[in-house]
1. Looking at segment 86-94, is at least one residue of a type outside the set (Val, Ile, Thr) and not in a helix (DSSP H, G or I)?
2. Output the residues belonging to segment 122-137 that are of a type in the set (A, V, I, L, M, F, W, C) and either under 16 Å from the mean Cα position of the chain (by Cα) or surrounded by 11 or more Cβ atoms within 10 Å (Cβ to Cβ) (or both).
3. Might you let me know whether segment 57-74 holds any residue that is of a type in the set (S, T, N, Q), touching a strand residue (DSSP E or B) at 6+ places or on another chain (Cβ under 7 Å), more than 18 Å from His106 (Cβ to Cβ) and without any contact (Cβ under 8 Å) to a residue 60 or more places away in the chain?
4. Can you pull out every residue in segment 107-127 that is more than 17 Å from Val19 (Cβ to Cβ) and either in a loop (DSSP other than H, G, I, E, B) or of a type in the set (A, V, I, L, M) (or both)?
5. Name every residue in segment 17-33 that is over 14 Å from the mean Cα position of the chain (by Cα) and touching a residue at least 12 places away in the same chain (Cβ under 8 Å), in order of residue number.
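The values are calculated or read from the model by the stated rules, or taken from the named source; none is laboratory data. Computed from a predicted model, the values in this text were never measured in an experiment. Here Cβ is always computed from backbone atoms with ideal geometry, including for glycine, and neighbour counts include all displayed protein chains.
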Amino acid sequence: MITFQTENIEMPAIDQTKVRDWIKKVASSYNKRVGEISYFFCDDDKILEVNHQYLQHDYYTDIITFDYCEGNRLSGDIFISLDTVRSNSELLNTNYNTELHRVIIHGVLHLCGINDKGPGEREIMEAAENNALDLLL
C-alpha cells in the first residue's frame, strides 16, 4: 500500500492513482514488489526537524528515505520537502512537476538499493531516475 500525507503544507497536485501504478511498475523493473510505502509531503522546517532528530544532520534537503524493506518487498517512509523541491526546480530551471516526480521516485530507487553518495553513484541514480520518469509518460 502506498499512502500520501502532508504536514504543514498542502497536498501537491499529483494523480495519486497514476503515481501508485508508476511506483509499482518501477519497483517491478527491479524485481521488487511494493509493500507499505508512506510519503510525507512537508515544508523545509519539518524536513530539517526530521534530519536533526533521526540523522543528526543540520541542513535542508529535498528527500529523506527510511528503509524498512524485507527481501524483495519495498517498505519505507519517505519525507519530501516541497519547499526544497520548488527551490531546486527554480535553481535547475526544470518543470516543478517533473522535479517533484523525480524526487518521488528517487526515494523508491533508494528502497530498490540504488545509492547516490559514493563515487559514480550519483550518475547511476540520475540515469535510474530518468529511466523511471520515462515510464511515467
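1. Here is the first cut: in segment 86-94, the residues of a type outside the set (Val, Ile, Thr) are 86-93.
Going one step further and asking which of them are not in a helix (DSSP H, G or I), we end up with 92-93.
For segment 86-94, residues of a type outside the set (Val, Ile, Thr) and not in a helix (DSSP H, G or I): present.
2. To start, the set of residues in segment 122-137 that are of a type in the set (A, V, I, L, M, F, W, C) comprises 124-125, 127-128, 132-133, 135-137.
Hits for segment 122-137 are Ile124, Met125, Ala127, Ala128, Ala132, Leu133, Leu135, Leu136.
3. Yes; the residues of segment 57-74 include at least one that is of a type in the set (S, T, N, Q), touching a strand residue (DSSP E or B) at 6+ places or on another chain (Cβ under 7 Å), more than 18 Å from His106 (Cβ to Cβ) and without any contact (Cβ under 8 Å) to a residue 60 or more places away in the chain.
4. The first filter runs over segment 107-127 and keeps only residues more than 17 Å from Val19 (Cβ to Cβ), leaving 113-127.
Within segment 107-127, Gly113, Ile114, Asn115, Asp116, Lys117, Gly118, Pro119, Gly120, Ile124, Met125, Ala127 qualify.
5. Residues of segment 17-33 over 14 Å from the mean Cα position of the chain (by Cα): 17-18, 21, 25, 28-33.
Within segment 17-33, Lys18, Lys25, Ser29, Tyr30, Asn31, Lys32, Arg33 qualify.
Quick grid of which residues meet (1) crowded, with 17+ Cβ neighbours inside 10 Å; (2) acidic (Asp, Glu); (3) closer than 22 Å to Phe41 by Cα; (4) at pLDDT below 95:
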{"residue": "Arg86", "(1), (2), (3), (4)": "no, no, yes, no"}
{"residue": "Tyr96", "(1), (2), (3), (4)": "no, no, yes, no"}
{"residue": "His101", "(1), (2), (3), (4)": "yes, no, yes, no"}
{"residue": "Gly120", "(1), (2), (3), (4)": "no, no, no, yes"}
